[in-house]
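The values are calculated or read from the model by the stated rules, or taken from the named source; none is laboratory data. A quick note: this is a predicted structure, and the numbers were derived from the prediction, not measured. Neighbour counts run over all protein chains shown; Cβ positions are idealised from the backbone, glycine included. Accessible surface is based on the protein model in full, side chains and every heavy atom, while ligands, DNA and RNA are left aside. Shrake-Rupley method; radii C 1.70, N 1.55, O 1.52, S 1.80 Å.
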2 protein chains.
Amino acid sequence: MTDLRKAVERFWAAAEARDWAAFADTLSEDVVYTLPQTRELISGRERYVRFNREYPGDWHLRVERVVAEPGQVVTWTHFTVGPEEMDAISFFTGDGAGRISVITDFWPEPYEPPVGREHLAERY
Amino acid sequence: MTDLRKAVERFWAAAEARDWAAFADTLSEDVVYTLPQTRELISGRERYVRFNREYPGDWHLRVERVVAEPGQVVTWTHFTVGPEEMDAISFFTGDGAGRISVITDFWPEPYEPPVGREHLAERY
């Protein structure tokens with residue numbers, strides 16, 4: 001179970017390197033990927049690797065933060081696609097054999113702060 | 001350092017109970033709260049408690065998931081405000097004395113899936 005953090009680190013390094021063989025090697029054959037914001041679900045290693053391989057744009061990522069327990073890991077990653085920047089938060093669950101079996105991704109977007117809290121919050 | 005997970009669990013239970021004394025007790029006096037999506041920052045326990053106490057609406061929360069290391073914790077919480085539902089992802093850092101010193105919150109919103117990946121993704 002303790003290998004999951006390393007698997008997740010290899011997952012992101014392989015994605016950035018477009019090394020799809022190394023990327024696939026971090027995944028369970030029956031990996032399930034979900035995006036709660038769009039309610040999309042992708043099942044299986046082959047489809048999920050293809051989803052990443054086909055993802056459009058010259059995207060690059062850096063890992064901002066990793067929080068890991070033996071069986072689950074969360075990452076905060078920062079993506080750039082040309083001038084565009086975005087953050088992703090990903091929850092990973094392991095299969096007990098050091099591979100990733102479940103990934104749940106969130107892609108929060110910028111928004112304007114609601115009025116009425118300017119007395120408490122500053123902008124940065 | 002090992003108390004941070006418990007502090008975070010008390011933080012969410014106290015928020016749901018509107019027990020602002022218990023809530024404040026989980027926080028460092030110089031706690032810093034940031035919202036990267038709006039680039040808002042709130043400094044200090046008093047202001048941050050007030051921000052939560054004044055937050056409008058009859059909101060309720062349940063904790064969906066906790067991932068904890070000794071010095072940092074991530075939670076995925078689900079909020080309801082009447083018929084509205086939303087998820088929050090919160091990164092917590094501890095002050096080494098069992099209190100929360102940094103909180104970074106993300107509030108991802110639903111969006112329509114981009115076209116061109118219907119051959120890989122199903123909707124749920």
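Scanning the stretch B:82-115 for residues that are open to solvent by less than 40 Å² (accessible area, probe 1.4 Å) and modelled with pLDDT under 95, we see that the one that is nearest to the chain's Cα centre (by Cα) is B:G98.
If you go through the stretch B:91-124 and keep only what is at the interface with another protein chain (Cβ under 10 Å from one of its Cβ atoms) and among the small types (G, A, S), you end up with B:G116, B:A121. Of all residues in the stretch A:65-81, which are of a type in the set (S, T, Y) and surrounded by 15 or more Cβ atoms within 10 Å (Cβ to Cβ)? The answer is A:T75, A:T77. Residue count for the stretch A:1-47 satisfying the condition of being within 21 Å of B:E69 (Cβ to Cβ) and without any contact (Cβ under 8 Å) to a residue 40 or more places away in the chain: 2. Could you say whether any residue in the stretch A:51-64 is at the interface with another protein chain (Cβ under 9 Å from one of its Cβ atoms), basic (K, R) and surrounded by fewer than 17 Cβ atoms within 10 Å (Cβ to Cβ)? Among the residues of the stretch A:51-64, not one is at the interface with another protein chain (Cβ under 9 Å from one of its Cβ atoms), basic (K, R) and surrounded by fewer than 17 Cβ atoms within 10 Å (Cβ to Cβ), which makes the answer no.
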